[in-house]
Amino acid sequence: MTLVLAFSAAVLCGCGTWLMLDRHLSRVVVGVGLLGHGVNVVLMMAGVGGSRPAFVGGETTDFSDPLPQAMALTAIVITFGVIAFLLALAYRSWSVTGDDQVEDDIEDRRVASAPPVELDAQSADDLGGSLEGEP
Amino acid sequence: MSVLLAVPIIAPLLGAATSIGLGKSRRAQRLVGMSVLGLVLVDSAFLVWRVDTSGVLVAHAGRWRAPVGIAFVADRLSAVVLLTSALTLLAVLAFAIGEPGTEDRHVGFHPTYLILTAGVSFALLPGDLFNLFVAFEVMLMASYVLLTMGGRADQVRSGMTYVVVSLVASSLFLLALALIYAATGTVNMADLSEKIADLPPGLGRGLAVLLVVVFGIKAAVFPLFFWLPDSYPTAAAPVTAVFAGLLTKIGVYAILRTQTVVFTGDLRPGGLLLVVAAFTMVVGVLGAVAQTDMRRLLSFHIVSQIGYMIMGIGLFSVAGIAGTILFVVHQIVVKASLFLVAGLIQVRAATDRLDRLGGLAGVESVVAALFALAALSLAGVPPLSGFVGKLALVQAGAEGGAWMVVAVSLAVSLLTLFSMSKIWSAAFWGEPSEPLAPRASRVSDRRWYLMLAATAALVAASLVVSLAAGPLHRYSTRAAADLLDGSDYVGAVLR
């Protein structure tokens, strides 16, 4: 059972990471969701079952550990809220730019739009390459 | 006395709810916002006094005792960071009320800002790691909304990066929590400090490094800082100021808290932190030197200065951590005031591109004076507050024999001064590319003087840090000794 849980956590986290690296915002959102679920599964596995219940006392040993479940529940609610916000943001991005892609960042655009560097003969030699049209 | 610990979290939340209800009247929202933040400020000042005179203060929520229930803890470190944060949040809110275009256009500004305040206080006070996670989420959720409040294309783009990066960090945090709970069966920090010492040392060290990575993303240390200079400058000026001043420092606070209280002895990754600190300083300042937008330039400086704080932590000596605490207090105030000055310039000249600005010193000499004080303080010119913090850190580094990182920190200070003089000569001296429009055409006198007063108050606070350097350093030294020893904290929580 633990092996099945560990395997599913690994698959969820792996798929989530892969989707998050995509340039389509909708896939990023799905990726975030999968990663969150993967982590929640790990959280569920963290519980130490079969120990004495925390609050009621007594000797019962077939209790599952309630604390990781409470933590996973909180984490699920938080992930839900953040994904709702991400969806709103992705929708806004779509309505502003008309596209579902992540845009380039400012630095990339600035480098791309900068005028090409003019090499003089000396620095071209330094670079070791011969520019075409060299006398 | 537990009410002292509840007020900084509950009052802003109640204030936020009231503020939503009062959405129709901006004047009432302002009144609620300012009075709640004033209350938090008074409360945290009282908390500093109380914690310093009579030791660690603990509140058990619902009277469930510590390892089982949820504890809120204030020690000297959290109290002084809370006080500085409250002061900064109050000054920035006053600035936001003055600034045209952010607060007056959005019904949601005040409630979200108050929730951010609650999140910041909540992140400083919890006694267990899971509530620290929840606090980070509260704070980040409010920051997502504030960052993208305008809904412009560039805000949405950078907001997306910011949210996704923060979410990855949160997932890693949760993963670390699960592993820590699986290994020890508790998430209470005081309880952990005893139980982690019993684990195999390799496992303890691994967990320590995992937490450094998690909070390193939030604190923007090298090589995890790339999201920060891209996302912060797109937000509105007051929002950027409060992010720059506070959010990364909360990450540093979390590193400091977990690496001292939870992990003890040789489980602490001192060498790793020193290397990371040196790279953070250098890469941040080199990034700053290359920028031409004022706010992007200042954003790279946030990264660079984080390196100094990590350096103090990495030394793991009383002097080093005292230096870090002093430096965090100075940075929160100075960074926020520099971004407020950038906001003043943005309002006045309608741009923050350095190649379009010029000659502001003759027109707005008060703004120039405020910038000069804050910038020289950032670079660490004596007798300003940055000098005090850096001196404490450099002395601690020399005592600890970490000469490489000390040399790097001194060289980075020079580069910081260089890039500040770049702003100064481009924005305040020289001639503007087009003549400056009269101030009245941009902003009313009343709003302008309110913004100016808010900025001046923060700059004055940084002067107080340098004037009261002696008592403050003694306070930080006491706080650092508490943190490294840890027995007071653990005793107070588990007693």
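The values are calculated or read from the model by the stated rules, or taken from the named source; none is laboratory data. All values reported here derive from a predicted model rather than from experimental measurement. Here the Cβ positions follow ideal geometry from the backbone for every residue, glycine too, while neighbour counts run over all protein chains shown. Only protein heavy atoms, including side chains, enter the accessible area calculation; ligands, DNA and RNA are left aside. Shrake-Rupley method; radii C 1.70, N 1.55, O 1.52, S 1.80 Å.
With a/c under 1.5 counting as rounded, go ahead and sort segment B:414-464 into rounded, prolate or oblate using the C-alpha gyration tensor (a ≥ b ≥ c being the square roots of the eigenvalues; past the cut-off, prolate if a/b is larger than b/c, else oblate). Oblate, since a/c reaches 1.5 and b/c is not below a/b.
Shape verdict for segment B:2-102, please, from the Cα gyration tensor: rounded (a/c under 1.5), prolate (a/b greater than b/c) or oblate. Oblate, because a/c is 1.5 or more while a/b does not exceed b/c. Modelled this way, with points 7 Å down the Cα-to-C-beta line, the labels at B:TRP64 and A:ALA88 are 3.1 nm from one another. Using a simple spin-label model with pseudo-atoms 7 Å out from Cα toward Cβ, B:GLU434 and A:ALA70 lie 6.1 nm apart.
Chain pair A, B: how much accessible area is buried, both chains summed, with a 1.4 Å probe, in Å² to 100? List each step's numbers first, then the result.
Details: alone 10320 and 17520 Å², together 24860 Å².
The summed interface area works out to 3000 Å².
Please label the shape of the protein assembly as shown as rounded, prolate or oblate, based on the square roots a ≥ b ≥ c of the eigenvalues of the alpha-carbon gyration tensor (a/c under 1.5 means rounded; beyond that, a/b larger than b/c means prolate, else oblate). Judged from the Cα gyration tensor, the protein assembly as shown comes out rounded (a/c under 1.5). Screening chain B for whole DSSP H helices of 24 Å or more along their axis (Cα) with average Kyte-Doolittle hydropathy at least -0.5 returns B:3-21, B:26-54, B:76-98, B:129-147, B:153-184, B:201-219, B:270-289, B:294-315, B:318-349, B:403-423, B:445-467.
Tally Lys and Arg at +1 and Asp and Glu at -1 over the other residues with C-beta under 15 Å from the C-beta of B:ALA219: what net charge comes out? Local net charge: +4. Per-residue SASA remark: B:LYS390, around 20 Å² accessible (1.4 Å probe; ligands, DNA and RNA not included).
Cα centroid separation, segment B:258-275 to segment B:78-124: 32 Å.
Remark: accessible surface ordering of B:ILE10, B:ILE332, B:ILE20 (largest first) is B:ILE20, B:ILE10, B:ILE332, probe radius 1.4 Å.
Averaged over the residues of peptide B:159-172, the number of Cβ atoms from other protein chains lying within 10 Å of each residue's Cβ is 6. Pairs spanning more than 28 Å between alpha-carbon atoms, out of B:LYS195/B:LYS335; B:LYS195/B:LYS218; B:LYS390/B:LYS422; B:LYS249/B:LYS390: B:LYS195/B:LYS335.
What distance in nm lies between label points placed 7 Å from Cα along the C-beta direction at B:ALA182 and B:ARG478? Each label point is offset 7 Å from its Cα along the Cβ direction, giving 4.3 nm. In chain B, helical runs assigned H by DSSP with n ≥ 4 each contribute -39500 (n - 2.57); averaged across all residues and rounded to the nearest 500, the mean residue ellipticity at 222 nm is -24500 deg cm²/dmol.
Ligands, DNA and RNA left out, the 1.4 Å accessible surface of segment B:3-494 is 69% carbon and sulfur atoms.
Pulled fully out, how much extra length does the chain show between A:SER8 and A:ALA112, if you take 0.36 nm times their separation in residues and subtract their Cα-Cα distance? The partial results should precede the final answer.
Working: separation 104, 0.36 × 104 = 37.44 nm, distance 4.19 nm.
Length gained, A:SER8 through A:ALA112: 33.3 nm.
Taking all Cα pairs closer than 8 Å and separated by 6 or more residues, the relative contact order of segment B:180-302 comes to 31 percent.
Gain on full extension, evaluated as 0.36 nm per residue between B:LYS24 and B:ARG50 minus their Cα-Cα distance, stands at 5.4 nm.
Surface listing: B:ASP52, B:ASP488 arranged by accessible area from highest to lowest gives B:ASP488, B:ASP52, probe 1.4 Å.
Computed with every protein chain present, the accessible area of A:HIS24 is close to 70 Å² [probe 1.4 Å]. Inter-chain neighbour count for A:76-86: the average number of beta-carbon atoms from partner chains within 10 Å of each residue's beta-carbon is 4. Summary of packing: across the peptides B:393-400, B:193-200, B:286-293, B:257-264, the per-residue average of other C-beta atoms within 10 Å ranks them, highest first, as B:257-264, B:393-400, B:286-293, B:193-200.
Go ahead and run the numbers for FRET between B:SER441 and B:SER421, Cβ-Cβ distance against an R0 of 25 Å, rounding to 0.05.
Working: r = 30 Å, r/R0 = 1.21.
According to the calculation, E is roughly 0.25.
For B:ALA94, neighbours were defined as the other residues whose beta-carbon sits under 13 Å from its Cβ, and their charges (Lys and Arg +1, Asp and Glu -1) total +1.
Set the Förster radius R0 to 41 Å, insert the Cβ-Cβ distance between B:VAL275 and A:HIS24 as r into 1/(1 + (r/R0)^6), and round the FRET efficiency to 0.05. Working from the Cβ atoms, E equals 0.65. Can you give the average number of partner chain beta-carbon atoms within 10 Å of each beta-carbon in peptide A:89-95, as a whole number? For peptide A:89-95, the averaged partner shielding equals 5.
Report the paramagnetic label zone for A:CYS15: residues of segment A:28-44 whose backbone N is under 18 Å from a point 7 Å from Cα along the Cα-to-Cβ axis. Counting backbone N atoms under 18 Å from the label point, the list is A:28-43.
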